[in-house]
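I have placed the structure first, in the form of structure tokens, so that the comments after it can refer back to it.
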Amino acid sequence: MKRPVLNATKLGASLGAAALTSFIDPTGFSFIAKLLHSVGSDVIPNFVHQYLSNYDPEELLNYLNGSHELNHDIEKLMTASVPGALMLLKKKFLEEHSYDHADVEAVFKSLIDDAGIRPSKTTDQLNMLEDRDAWLSDITDYLFLGRDASDPLLIYLGTCFEAHFADCFKLVFTEGMKNPDDEKPLKAFLIKSLEGVIQQLNRLTQQSDENQAMQAVLLAEIQALRNEQNARSLSVARSYFESEFERVHEKLGKIYDLVLGIDQKIGKFADRQETALQTLDRIENKISPFIPKHLIKLPFEVNYFIGRENDLKNIDAQFGQNKVLLLMNGEGGIGKTTLAAHYYRNQEHAYQHLAFVVADKGIKTALLAALSGPLDLTFSEQEPEAQRFEKLMAKMATLPAPSLLVLDNANDLPDLEQTLYELAGSNFRTLVTTRVNPFDDWHFLQIDTLPETKAVALFCHHAKPASLFSDEEQKTLKALLQAIGYNTLVLTLLAKNYHENNYNRIKKYHLADLLHDLQTQGLLKVPKTRKVSSDYGHRYGLARAEPEVIIAAMYDISPLSPAELRILTNLAVLPPEQISFAQLAALLELDESDEDVLNDLYRKGWIDLRKKEDLVVKISPVVQAVILRKNEENLFETCRPFITHLTTRFELLNHTAVQEFAEWTRHLILTLKMEEDEMAYLSLKLADFYRETGNLELAISFVQKSSSIYQKTDNSYNYSVCLERLGSIHQALGKTDQALDFFQKDLQVTEELYRDNPKNESLKNGLAISYQKLGSIHQALGKTDQALDFFQKETDLFEELYRDNPKNESLKNGLAISYSKLGEIHQALGKTDQALDFFQKETDLFEELYRDNPKNESLKNGLAISYEKLGEIHQALGKTDQALDFFQKETDLFEELYRDNPKNESLKNGLAISYSKLGSIHQALGKTDQALDFFQKYNQVTEELYRDNPKNESLKNGLAISYEKLGSIHQALGKTDQALDFFQKDLQVTEELYRDNPKNESLKNGLAISYEKLGSIHQALGKTDQALDFFQKYNQVTEELYRDNPKNVNLIYGLATSYIWIGWQYEKSGIPDKARAYYQKALPLLENLYQSTPIPLYLRQLNWVKAALERVQHGLFN
């Protein structure tokens, strides 16, 4: 029997229509409400409410399902969504059923291979839309024809299709609707929706003025959508589809998280439907990677667990009462970690996701380090830890419940008090092990000592069977255990040492001998009065001793070998979590013989050891504290090889390769607290790691530790390095005052070093960099004279260095950058000839460097930026053809760089800026269409960058500039409404930036430009009062800027322009005296500008002002 062809066109159309129906029907009319509100609420505030009171979803659906010239765009997406939906359903089926993958793959492969694009009748599609069984019958016919209808696999597949296929399709279809790379389906849907609304408005019997006004607004929005113009409805629709996507995604159990394993070879149909694969590729890049059940490695599992059955039940009972946070407290060594780990492993089946995190050096830092990666979280480098933690909590809240988080060894009370409220609001049940006593109203579970019988059993497990102890020894044992408080860690250590002493001695070692050894250390003695509470001994009346004291005594009683002491001491500075032998071997440079040493330490009770697939080691924090105290004098020397090895790894490996060691290094530094140069250098390397990975807050803390040590050890060179790092990080955070302070201190130290060692080229290079840092910070503050002085000193030093080392490419690169800095500062001072000369020198060097190193992307980036500088200076000189050539070269390089590094946001930002430059030069050439295209690309890229980095103020500033560019080009095109919208967006973003950075002159200048643009557009709209208000604000800001930077030609020109605008407003208003006063203020500024910088722009403005004064003088008003 011939198998029927699965008609993907019909299937996609019917399922797509069903999906669209859900967006329009009354259960989802919030979309229509939001859509209309975005388009017309500022025109007719109450219109949305009035329309929804007469809303007829069925009429709107009929219009959407009717014929239309744009149907093709939507139907193409519907058809292309079918193979993606089939593949997702396959993943969903495999997630729910344990069938052999090969059998399931075969069925779905045949579905996709045999699927075809066939014409279908609209009546068929509508029938499938109205009758759910209609499209299911197509699937069922295909699945069962020629096969055994009783096959359980096919029966379950049919059930799975019925339950999930519509949602799988809707998920892929929704992703396609919000795809920013192909807006045709979304625009078609919006146009049809808005036309449907207009149709309903036309049928209303009463055509009010508001009704007609709203129709005009809707028609304008439709026109904007058709003409590829800025349309408000697009952002609303994308936001709606994003939320709809997340809703369906959640309903399916995050099925897209499984797409990572999808087979790319999906058959003939997918080959013809490339859009489907592109959609899935986009989804794979956008959706978080598969989130594992165990977010990090599982906790350590002890070999023998006894006596905590009631505690396990208590944990279950507490969480069963809807408590989401439970603190288990008790003394160190009592078994809290073991209990928590056992609960984790014993109950993992009951949780969707689990994580066991050691938090002894800060809860938030530990959680961020452990969970950010598995949860696919990224942060901007400016984000402080508190904001990062908020993001982490928000992400955890999206995971399915119930999930479990165990925080182990969280013993810092202020840290707990600060963090518990945030943890209590997460989606996780949180179990905390702590030695902190109960506080506030938090739910605490007191972990008591083991019952005597269980403690005896545990001791005998590690020492020898209970039956081998005499009656007298059993009495001694019970007294001993009672005196140590039945502490699990201590009794295990005593039992194992007892066993080892019997194993290694010819003469028997009795419990009495063990007791005697402890008593010689001054412990567990019988009080002379022999009147001892029953809580502290048996008939022997042994005095109670604290766990740490007994462990310290055992350290003295049974001395460790040098090899044992070396390993144990190094373990004491690492986190008290399980570490594999392979990791230890890499960190401590162990060999196979050291595995025997670890086994010896385990037999003696100093560490835990477990071997399944790999050998895993764990040390108790109580043991760590004793070892650190006992070896305080030799601690650094013992750990020095480890510290050196870690430092080497940070020097030689990239940050991805050292990621797993970063948290251990942090723990080591915070544990040792030693003022040694090696520790300072390791702290600096760790700070560099945090800086490279975008955690500037942690970077500062470890540079400060390094700086403090170097200052105390009189290591001036490295101290200066720390000061430079602190300055650069604070500058990146926008804290210019602190940055300037650190750079000045760095310069002072570096100048002293160079003065004492004038032939040292490394110090000379360091001094040049110090000058460059100070030049940059003064430039950012608008202090051009000081900036010029520092940049000139930098260049002088680099020219000397390069002259003496002409083959040194690093120095050649440094010289090129110094020329760039001098070019920028001369350009700001209006010295265009000097600026052009320096930019040309910079470009010549970068071209040589890139020619010799064509695969070096950093040099390629430098060359691209140098072309941008030459383009800017040629544009200022009115040489637009040359400027266009340089900007095109810049863009070509950035497009190549970004294509090879699509996740590099710095290169993406460089590409955005290059689009902006091409837009500006095309606008200057009168090519407004090309200009608009480039400015839209610029805006699109900057919006993406800012969306992913909302705390990055540089990207936020780029976004503001992109709005200003779009506003200017729309104004030039006569589209004043769109221009006004963009200028308002520009002002909103710029005001936010300046409010947060009131000392940043560049942002202040951006604010002035925003006021100017809004003044000009209001003037174009005939709103003279608003225009004058904005021009006066523009003038006020430019006067302040000029007062602080009287030599900056851009600011001088800005001030002159502000006078011109105000004068022009008064001239148009027929107030000649005021117009003349402002024109006369602008005249000398422009005369001096043109005299010092004779470029065409200044000459045009100067001639305009002279003509304006003539007009006003003779009453010839405009």
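Any read-out appearing in this document is the output of simple, stated calculations on the displayed coordinates, not a laboratory observation. Please read these numbers as outputs of a predicted model, since none were measured by experiment. Cβ placement follows ideal geometry from the backbone for every residue including glycine, while neighbour counts extend to all protein chains displayed.
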field: Förster-model FRET efficiency, 41 Å R0, Gln792 and Asp677, C-beta, rounded to 0.05
entry: 0.70
message: What distance in nm separates the two pseudo spin-label positions at Arg603 and Ala586, each 7 Å out from Cα along the beta-carbon direction?
response: 3.0 nm
- request: May I ask you to list the residues of the range 858-880 whose amide nitrogen lies under 20 Å from a point 7 Å from Cα along the Cα→beta-carbon direction of Asn1103?
  value: 875-880
- prompt: P(r) tail for the range 1020-1118, what percent of Cα pairs lie past 21 Å?
  reply: 33 percent
- prompt: According to a simple spin-label model (label point 7 Å from Cα along Cα-to-Cβ), what is the distance in nm between Glu637 and Arg610?
  reply: 3.8 nm
statement: Note: Ser1092 to Ala924 extended length (0.36 nm per residue) minus current alpha-carbon separation gives 58.1 nm
query: To the nearest µm²/s, what D does Stokes-Einstein give for the range 562-632 at 10 °C and 1.306 mPa s, using the Kirkwood radius over alpha carbon pairs as Rh?
result: 132 µm²/s
Whole-angstrom gap from the range 855-889 to the range 911-950, using each part's C-alpha centre: 16 Å
- prompt: What per residue convex hull volume, in Å³, do the alpha-carbon atoms of the range 633-714 yield?
  reply: 83 Å³
message: Would you report the distance distribution of C-alpha pairs in the range 309-446 as whole percents per 10 angstrom bin, up to the bin with the largest distance?
response: 11, 46, 35, 8, 1
Gain on full stretching of the segment that runs from Lys109 to Tyr304 - 0.36 nm per residue minus C-alpha separation: 65.2 nm
field: Tail fraction, Cα-Cα pairs, the range 295-390, threshold 17 Å, whole percent
entry: 61 percent
statement: Exposure-ranked with fewest Cβ neighbours within 10 Å first, Ser593, Ser728 stand as Ser593, Ser728
statement: From fewest to most C-beta neighbours within 10 Å, the residues Ile550, Ile296 line up as Ile296, Ile550
statement: To the nearest 0.05, the calculated FRET efficiency linking Glu1040 and Asp892 through their beta-carbon distance, R0 being 35 Å, is 0.30
query: Gain in length, Ile155 to Gln321, computed as 0.36 nm per residue apart minus the alpha-carbon separation, to one decimal in nm?
result: 55.7 nm
- line: Once phi for every residue in the range 1032-1038 is put through the Karplus expression 6.51 cos²θ - 1.76 cosθ + 1.60 (θ = phi - 60°), the whole-Hz ³J(HN,Hα) values, with Gly and Pro written as x, are 5, 4, 4, 5, 4, 5, 5
task: Specify which residue in the list Ser810, Gly734, Ala780 is farthest towards the positive end of the charge dipole of the range 730-826, using unit charges on the beta carbon of Lys, Arg (+1) and Asp, Glu (-1), about the Cα centre.
output: Ser810
- line: Most exposed first, judged by fewest Cβ atoms within 10 angstrom, Tyr819, Tyr681 run Tyr681, Tyr819
- line: Rounded to two decimals, the Debye log10 I(q)/I(0) of the range 745-899 (Cα scatterers, no solvent) at q = 0.19 Å⁻¹ is -1.18
message: Once you place label points 7 Å from the Cα toward the Cβ at Asn760 and Thr1024, how far apart are they in nm?
response: 7.0 nm
